[in-house]
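Q: Before I ask anything, let me first share the structure, which is written out below as structure tokens.
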Amino acid sequence: MSPGRWSIWFPVALGAAAAVSLAARTFVVAPLSWHEGAGVILLAVLAWTGECWPVPLKGGGVMSLGAVAVVCAAVMYGAAAATLIAATSIGVELTRRRVHPLKVSFNVAVFALMGGAAGLAAHLHPGSKLGLVVSVLLAAGALLITNVGLVSLMVSTARHSEFVKTFWSISKAATLPFILSLSVVPVFVLAWRADPYVAVLAVAPVVIVGLYLRSLEQSRKTLELALTDPLTGLGNRRGFDERLYRELDCADATGKPMSLCLFDVDSLKAINDRDGHDGGDDVLVTVAGMLRHDGEAFRLGGDEFVLLLPGHDCDAAATVAAAVQVRANDQDLGVSVGIATYQHGNPPRTDLLRAADRKLYAHKRSIALR
């Protein structure tokens, strides 16, 4: 871990150790009743369950519904219970997953501090019916700001601008799902006071929503795998065909040109013979990385790649292709290219890829004759 990250880890860990010690001392000095103890245990189990099955977020991150249980604990029992529940739930889950101890310790510290902050914020407002809603919002806000702030600080560990960018990115992805899931907190708190069995049923909608979102994410990943080349991470032939037809429809509708650049890696067979297939795969991955700088890239198979360039005429596409070839030359690689441009129905839609293929092999023949 870098010195910058150590400078964040130590104060966070020390602050969390103090918070956990105070929380434990609170329960020793003022033991819970059996009803309160049952509530704390239930919320701890719910928090751990949320950590086990987090909800996917747009952009690739995840949000734990365990945070909802922590907010419930903060409102119902205060900072001590929220601190211990938050720290314990994440600690048990990360240890079960065999995560690196330093990462476990930092996450436990962050969760302890966010639970404590939520508990303190929840009791800044008097406990009337309106106060319950305000308490939930205060607790949720303190929890979210503490969690996102400390995580962003650790991720950036550098310039102020990077911290702000990371903080905004995480907040934008997590805030709306988190706020929506908070709707269950006032219901749970009021139901628990009336009948614990009803309170448990109040959690069901959040669980159902979480399972539904996980199912959607699994479907998205399955579709993504079906359209992605496993070696390079680019789109595969199926993904290319689907995207090509959409772009051709758009070109017909707008009248704007649409070009594609077909690339072929020179002498890949010689590279495979010299360095083995692992060496050849490394070359393909390198070329894929070069293509990501420009239009949408796909691997058609073998050593053939294609760039889709909506809005590019032939000259603009040639400029892009030349830039790719320069990057390849910088890596001591050669790539041949064939360019075809579609505009006003010419060439026919079904002939566009074949037109690029003919120009590609004409280029390869011209190189061979030199």
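Rundown of residues vs (1) touching a Lys or Arg at 6+ places or on another chain (Cβ under 6 Å); (2) at pLDDT 90 or above; (3) over 17 Å from GLY50 (Cβ atoms), yes/no style:
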position: VAL108; (1), (2), (3): no, yes, no
position: PHE111; (1), (2), (3): no, yes, no
position: MET114; (1), (2), (3): no, yes, no
position: ALA118; (1), (2), (3): no, yes, no
position: PRO126; (1), (2), (3): no, no, yes
position: LEU130; (1), (2), (3): no, no, yes
position: LEU138; (1), (2), (3): no, no, yes
position: LEU144; (1), (2), (3): no, no, no
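Q: Of all residues in the stretch 322-363, which are within 24 Å of ILE271 (Cβ to Cβ), out of contact with any Gly (no Cβ under 9 Å at 6 or more places or on another chain) and touching a residue at least 60 places away in the same chain (Cβ under 8 Å)?
A: Matches in the stretch 322-363: VAL324, LEU333, GLY334, VAL335, SER336, VAL337, GLY338.
Q: Can you report the number of residues in the stretch 170-181 which are modelled with pLDDT of 70 or more and surrounded by fewer than 21 Cβ atoms within 10 Å (Cβ to Cβ)?
A: Residues in the stretch 170-181 being modelled with pLDDT of 70 or more and surrounded by fewer than 21 Cβ atoms within 10 Å (Cβ to Cβ): 1 in total.
Q: Would you please name the residue that is farthest from GLU247 (Cα to Cα), looking only at residues in the stretch 266-303 that are in contact with a Leu (Cβ under 7 Å, 6 or more places away or on another chain) and not in a helix (DSSP H, G or I)?
A: My answer is ASP303.
Q: Turning to a different aspect of this structure: So for the stretch 266-288 (the condition being touching a helix residue (DSSP H, G or I) at 6+ places or on another chain (Cβ under 8 Å), touching a residue at least 60 places away in the same chain (Cβ under 8 Å) and either buried (at least 19 other Cβ atoms within 10 Å of the Cβ) or closer than 29 Å to THR341 by Cβ (or both)), does at least one residue qualify?
A: Yes, there is a match, as at least one residue in the stretch 266-288 is touching a helix residue (DSSP H, G or I) at 6+ places or on another chain (Cβ under 8 Å), touching a residue at least 60 places away in the same chain (Cβ under 8 Å) and either buried (at least 19 other Cβ atoms within 10 Å of the Cβ) or closer than 29 Å to THR341 by Cβ (or both).
Q: Next question, about the same structure. Any chance you could count how many residues in the stretch 225-239 are out of contact with any helix residue (DSSP H, G or I) (no Cβ under 9 Å at 6 or more places or on another chain) and in a helix (DSSP H, G or I)? Let's see the steps before the verdict.
A: At the first step, the residues of the stretch 225-239 found to be out of contact with any helix residue (DSSP H, G or I) (no Cβ under 9 Å at 6 or more places or on another chain) are 225, 230, 237.
From what's left, in a helix (DSSP H, G or I): 225, 237.
Residues meeting the conditions: 2.
Q: Can you spot a residue in the stretch 337-360 that is polar (S, T, N, Q), farther than 20 Å from GLY255 by Cα and either assigned by TED's automatic domain parsing to the domain that holds LEU248 or assigned to a helix (DSSP H, G or I) (or both)? Lay out the reasoning, then the answer.
A: From the stretch 337-360, those polar (S, T, N, Q) are 341, 343, 346, 350; that's our starting set.
Okay, now just the ones that are also farther than 20 Å from GLY255 by Cα, so none.
No, because not a single residue in the stretch 337-360 is polar (S, T, N, Q), farther than 20 Å from GLY255 by Cα and either assigned by TED's automatic domain parsing to the domain that holds LEU248 or assigned to a helix (DSSP H, G or I) (or both).
Q: Let me ask another. State whether the residues of the stretch 281-297 include one that is in contact with a Ser or Thr (Cβ under 6 Å, 6 or more places away or on another chain), closer than 19 Å to ARG358 by Cβ and in the same structural domain as LYS359 (by TED's automatic domain parsing).
A: No - not one qualifying residue is present in the stretch 281-297.
The values are calculated or read from the model by the stated rules, or taken from the named source; none is laboratory data. All figures in this text were calculated on a predicted structure; none of them were measured in a lab. We place every Cβ from the backbone using ideal geometry, glycine too, and count neighbours over all the protein chains shown.
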